[in-house]
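Please treat every number below as a calculation from the coordinates, not as lab data. Small disclaimer: the values here were computed from a predicted structure and weren't measured. Ideal geometry is used to build each Cβ from the backbone, glycine not excepted, and the neighbour counts take in all protein chains shown.
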Amino acid sequence: MNPKSLLTMKDLSNAEILDILNDAKAFNSSHSDWQIPVSSRKLTANLFFEPSTRTHFSFESAEYQLGLQAADLAPDSSSVTKGETLYDTCRTFESLGYGVLVIRHPQDEYFKELENVKIPIINAGDGKGNHPTQCLLDLLTMYNEFGHLDGLNVLICGDVAHSRVAASNKEALEKFGANVRFAGPKEWEREGYPFSDFDESIPWADVVIMLRIQRERGAKIDGMSDAEYLERYGLTLEREKKMKDHAIIMHPAPVNRGVEIDTNLVECERSRIFEQMKNGVLVRKAVLRRALGFAPFGRSEC
């Protein structure tokens, strides 16, 4: 596997995470117009085997802003429909001259089958396992807000059992010394992710991250309406009033308004949901830049 691949947050040291976050911040200011030099540009392929809006198109935006040529795989019109394996698909793109693969796949840890692929792979989400670039944009959002990650109290609530966002965020936040709690229906508890009482944890949190119900992965609670779910496990207007004055609301999206969060809170003063989306492009520019072998801005002459 290429050392510049990014598959899980375990692939990155704390110093490397901070390098990516600082590069992302630089893309928002001093290096906003920076592009990959022509001599170093590679073809990139976006292989999305699950539906995606934010992740897919923020990668595309990042690629175009960096001056890269990107191609999208449409699984329904590719040889995948003829039984081609993911490994053979990836080796095909490598053989055709592509230099970076961005992959989202429903299989947990699909990348374990791709060890012989030599070009960098960026994991855009694997099943309920990992979502490193979403985690990085979440970290950037918190870092911009508070100026640090250590000591932050972060509450993640909702469908934890099926959430790759919860998994990656737990991994990274705890490495930086943040305090992470989880809450939601008992049906969605996950081994190693002890649940706390949502209402008791709301006043404790500096950051409240709400998760949607991942029905496409079989998540459901029998006999509960959307309104009942919001009342019992969602971020309601009453719960928002109990948050610290400086506390912020986050959500990886897509948002199911009126289910995991009251629609009036999606764009309220506390909400950073659309800021997260903006940060996603910056982070993915930084990750692509790293994949192509460039040193962090602070240690380069760019």
With Cβ to Cβ distances under 9 Å as the rule, what net charge do the other residues near A167 carry (K, R +1; D, E -1)?
+3
Contact order normalised by residue count of the range 133-272, Cα under 8 Å, 6+ apart, percent:
25
In whole percent, what relative contact order does the range 17-134 give with Cα contacts below 8 Å and a gap of six or more residues?
25
What nm distance separates the two modelled labels at L237 and E189, each placed 7 Å from Cα along Cα→Cβ?
3.4
Of 37-43, 195-201, ordering from highest average Cβ density within 10 Å down gives 195-201, 37-43
Once both labels are modelled 7 Å past Cα along the beta-carbon direction, what's the V38-Y64 spacing in nm?
2.1
Placed amide H near D72: partners under 5 Å, 5+ positions off or other chain
N46
What's log10 of I(q)/I(0) for the range 103-235 at q = 0.16, 0.19 Å⁻¹, Debye sum over Cα points only, no solvent?
-0.86, -1.12
Working note, the chain: Cα radius of gyration (Å, one decimal) and Dmax (Å, whole number) are 19.3, 60
I need to check one value: relative contact order of the chain, counting alpha carbon pairs closer than 8 Å and at least 6 residues apart, in percent.
21
Apply the Karplus parameterisation 6.51 cos²θ - 1.76 cosθ + 1.60, with θ equal to phi minus 60°, to every residue of the range 255-272 and state each ³J(HN,Hα) to the nearest whole Hz, in sequence, with x for glycine and proline.
8, 9, 4, x, 10, 8, 8, 4, 4, 6, 9, 4, 10, 6, 4, 6, 5, 10
A student asked for the Cα radius of gyration and Dmax of the range 240-302 in angstrom ought to give 16.7, 49
Going fewest to most other Cβ atoms within 10 Å around each Cβ, E171, E113 line up as E113, E171
Tell me the angle of helix 132-146 to the major Cα principal axis of the chain, expressed in degrees between 0 and 90 and rounded to the nearest ten.
60
Rounded to the nearest 5, what % of DSSP beta bridges with both residues in the chain are antiparallel?
5
